[in-house]
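Derivation of every value follows stated rules applied to the coordinates shown; laboratory data play no part. As the structure is a prediction and not an experimental result, all values here were calculated from the model. Note that each Cβ is placed from the backbone with ideal geometry, even for glycine, and that neighbours are counted across all protein chains shown.
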Amino acid sequence: MARLIEPAERTNYVTYAIRDIVVKAKQLEAAGKKILYLNIGDPPVYDFETPEELRKIVANRILESGAGTKNNVSTYCDSMGIAEARDAIARNAVEVKKIKDITADDVIISSGASEAITIAIAALINPGDNIMTPSPGYPLYSGQIPVYHGEVNPYLLNEETGWQIDIEELEKRVNKRTKAIVVINPNNPTGANYSRDSILNILKFAERHNLVVFADEIYDKLLFDGQKHISIASLSETVPVITFGGLSKNYIMPGWRVGWAIFHDPLNMIGEYREAINKLLRARLCSPHPQQVMIKPALEGGDPHLPGVMEKITRRRDITYKMLNDIPGISCVKPGGAFYAFPKIELPEGIDDEQFVLELLEETGVLVVYGKGFGEKKGTHHFRIVFLPDDDTLIRSYELIGEFTEKFYRKHGFNPVK
């Protein structure tokens, strides 16, 4: 007799709030409701475009490819990535990010930064090991670590200091089975850009506990108000740091899936670990070949698109910050980078931010992501907003959030402190 095929138990732990909530939105949209999407960090969905010159480079290389031609991008390539791209990433790491002693041999190219992150996790942990992850933080980490039988060890970011990392919090969370610490800078979902002191404290902490640092720096060029980004590896003289980057956010091309990892190992501590990663890279053959040809011209092209991008998202950040903070019951730390805000909302006892977000969606069509999908301090409630949509869409969305919040409070007989 035929039996149902059951999935692996470990998939029960895989969640991804950013896309999970879209299922409900699509149902409402199919029923005729207009949805205002403020949920996913995908710039080309809005009014941002991949630089034309980069698109042309790939198109021309594909057209020039053929059997027996030089630089045929239809072939498999090196598992670590094509040489010209790895050279360019290494030069950028040294000259722009100021990471010492990086060569092409210290770089791997992946199908988006997400693949590099997943492989780095898979090659590091054994059952029962844990990796420290920021809370709030990008849910890829908390979703993937359990797949490889590891444990998520969240550490709380400090909202009172603009979501900076608190060293005392780290010391409370670390234990003998901790193998690595994840640092997302600028942070998704809070938009925090970490100070030099925070970064130095992280490195001292990692050195004390013999940890690898996973430095997720995918938003490193998207900074506001003249702030500068400090790459964690650039300050490390003893701690091994794996820096994850890519073209998806800085170059408005998430769907092209172009990412990488840079290995900084000043004391030669992770040689065996790197070979384990290389084994996994070889097993998956290679990252898509054609897209890799745009890495060199992107990193060496001077970024002429960035001023226009930053002008728009800075204005939209300012709209977001002002309008959210004007709503009674909602407060928001001003984002320093990326294109996310993580406002806090006061809620009546017994109601969480997922319920608030779902009711907001059903009544107004405004789609944001509930805070518990990213992690948050117990007893607090948040939601994440992507402020990439055009000004008018954002303004209308925040008006609707304000109107809905007022009604929500009245319905529950709740008076916010603010």
In whole Hz, what ³J(HN,Hα) sequence does segment 257-263 give by Karplus (6.51, -1.76, 1.60; θ = phi - 60°), x for Gly and Pro? 6, 10, x, 7, 9, 10, 9
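To the nearest 20 debye, what charge dipole does segment 320-400 have about its Cα centre, counting +1 at the Cβ of each Lys and Arg and -1 at the Cβ of each Asp and Glu? The partial results should precede the final answer.
Details: 8 positive and 14 negative charges, 98 e Å.
With Lys and Arg at +1 and Asp and Glu at -1, about 480 debye.
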DSSP beta bridges in segment 71-299, what fraction antiparallel, as a percent rounded to 5? 40
Can you show me the helix-derived [θ] at 222 nm for the chain, built from DSSP H runs with n ≥ 4 at -39,500 (n - 2.57) apiece and divided by the number of residues, rounded to the nearest 500. -10500 deg cm²/dmol
Per-residue Cβ contact counts at 10 Å, fewest first, order 317, 10 as 10, 317
Applied in sequence order to segment 317-330, the curve 6.51 cos²θ - 1.76 cosθ + 1.60 (Karplus, θ = phi - 60°) yields integer Hz couplings, x standing for Gly and Pro, of 4, 5, 4, 4, 4, 5, 5, 5, 6, 7, 8, x, x, 10
In the set [x] 1.00; [y] 0.95; [z] 1.14, which value of Cα Rg over 2.2 N^0.38 Å was calculated from the structure you see? [x]
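Antiparallel as a % of all DSSP beta bridges within the chain, to the nearest 5? All intermediate terms of the calculation are to be shown ahead of the outcome.
On the way: 21 of 41 bridges.
Bridges in the chain are about 50 percent antiparallel.
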To the nearest 20 debye, what charge dipole does segment 1-159 have about its Cα centre, counting +1 at the Cβ of each Lys and Arg and -1 at the Cβ of each Asp and Glu? 420
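Exactly which trypsin sites (Lys or Arg not before Pro) in segment 20-101 are in a DSSP loop and have at most 10 other Cβ atoms within 10 Å? Write down the numbers at each step before the final one.
Working: sites: 24, 26, 33, 34, 55, 56, 61, 70, 86, 91, 97, 98, 100; in loops: 33, 34, 70, 97, 98, 100.
Hits after loop and neighbour filter: 34, 70.
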Quick check: the distance between the Cα centres of segment 140-154 and segment 207-228, to the nearest angstrom? 20
Residue by residue through segment 53-60, which ³J(HN,Hα) values in whole Hz follow from phi under the Karplus form 6.51 cos²θ - 1.76 cosθ + 1.60 (θ = phi - 60°), with glycine and proline marked x? 5, 6, 4, 5, 4, 5, 4, 5
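With a cap of 16 neighbouring Cβ atoms within 10 Å, and only residues DSSP puts in a loop, list the trypsin sites (Lys or Arg not before Pro) found in segment 143-213. The partial results should precede the final answer.
Working: sites: 172, 173, 176, 177, 179, 196, 204, 208; in loops: 176, 177.
Passing both the DSSP loop test and the Cβ count: 176, 177.
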Of 239, 146, 266, which is farthest along the charge dipole of segment 142-288 in the positive direction, counting Lys and Arg as +1 and Asp and Glu as -1 at C-beta? 146
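About the Cα centre, and with charges only on the beta carbon of Lys, Arg (+1) and Asp, Glu (-1), how big is the dipole of segment 71-299? Nearest 20 debye, please.
For this selection, approximately 380 debye.
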Among 133, 113, 2 - extreme Cα towards positive end, dipole of segment 1-160, charges at beta-carbon: 2
Counting other Cβ atoms within 10 Å of each Cβ, which GluC sites (Glu not before Pro) in segment 272-375 have at most 14 and sit in a DSSP loop? 300, 349
List every residue whose amide H lies under 5 Å from the amide H of residue 133, counting only residues 5 or more places away in sequence or on a different chain, with H placed 1.01 Å from N in the peptide plane. 153, 155, 182
